[in-house]
Amino acid sequence: KSTMRLTKRPLFYWVLNRFRGLQFVLLLVILISLFFRVYPLEMQRQIINVAINLKMIDKLYLYCGLYMGAVLVAGLLKYLTNTMQAVLGEKILVGMRQEIYQHVLQLPLPFFRRSQAGTRISSVTAELNAIANFLGSALTLPIAAFLTFLTFLGFMIYLNPTLGLLSIIIYPFELTVI
């Protein structure tokens with residue numbers, strides 16, 4: 001537990017200092033899933049450029065099978081990622097509730113006379129749910145988005161270096177607008 005007072009902790013304290021093992025596994029799943037998000041694009045290219053163009057039916061079956069397998073694995077990994085983010089959020093939520101409950105138990109008696117019981121209960125239950133949903137993906141979502149961007153950018157440069165590099169020029173303008 002931290003020596004920093006509960007009321008002074010930043011929101012990201014709960015993300016950066018809790019369940020690092022689960023977060024590491026989640027990042028590994030995200031890294032693996034990046035391959036299975038780009039691989040179907042390459043299979044589509046192979047289906048059209050090799051199998052259909054050269055009329056190679058055996059390659060068509062192979063590439064279509066690989067494509068379908070990659071899409072299936074990508075979907076399963078996305079489901080696993082979402083599930084792990086939800087579990088991480090719930091674990092953080094339980095920890096927050098336990099520490100808030102311990103904090104409330106140590107408050108002086110006049111606090112309980114001044115505040116309504118419903119407000120205290122609401123702060124420990126309902127108000128933390130939205131925070132837990134955010135905290136479950138607070139670290140992995142930005143990292144996954146950035147890695148996805150780099151992966152697809154790399155694939156575009158692999159396909160056509162000039163067009164891939166030209167597409168980078170658009171992003172500063174998009175970021176400015178966003």
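The values are calculated or read from the model by the stated rules, or taken from the named source; none is laboratory data. Remember, predicted model here, so these are calculated numbers, not experimental data. Backbone-built Cβ (ideal geometry, glycine too); neighbour counts: all protein chains shown. These accessible areas exclude ligands, DNA and RNA; they are computed on the full protein's heavy atoms, side chains included. Shrake-Rupley method; radii C 1.70, N 1.55, O 1.52, S 1.80 Å.
Things to note:
- The residues of the chain present an accessible area of 67 Å² per residue when probed at 1.4 Å with all protein chains retained.
- For the range 4-123, with all protein chains in place and a probe radius of 1.4 Å, 68% of the accessible heavy-atom surface sits on carbon or sulfur.
- Volume in Å³ per residue [convex hull over Cα atoms, computed for the range 3-62]: 86 Å³
- Relative contact order for the chain: 28 percent, from Cα pairs under 8 Å spaced at least 6 residues apart, divided by residue count.
- Qualifying trypsin sites (Lys or Arg not before Pro) for the range 54-145 [loop in DSSP, other Cβ within 10 Å: at most 15]: Lys55
- Coarse-grained scattering of the chain at q = 0.12, 0.19 Å⁻¹, given as base-10 log I(q)/I(0) from a Debye sum over alpha-carbon atoms: -0.77, -1.22
- Each part gets one Cα centre, and for the range 38-93 versus the range 133-178 those centres are 19 Å apart.
- P(r) weight above 15 Å for the range 79-178, C-alpha pairs, percent: 74 percent
- Largest-first principal axis extents, alpha carbons of the range 20-109, Å: 82, 15, 14
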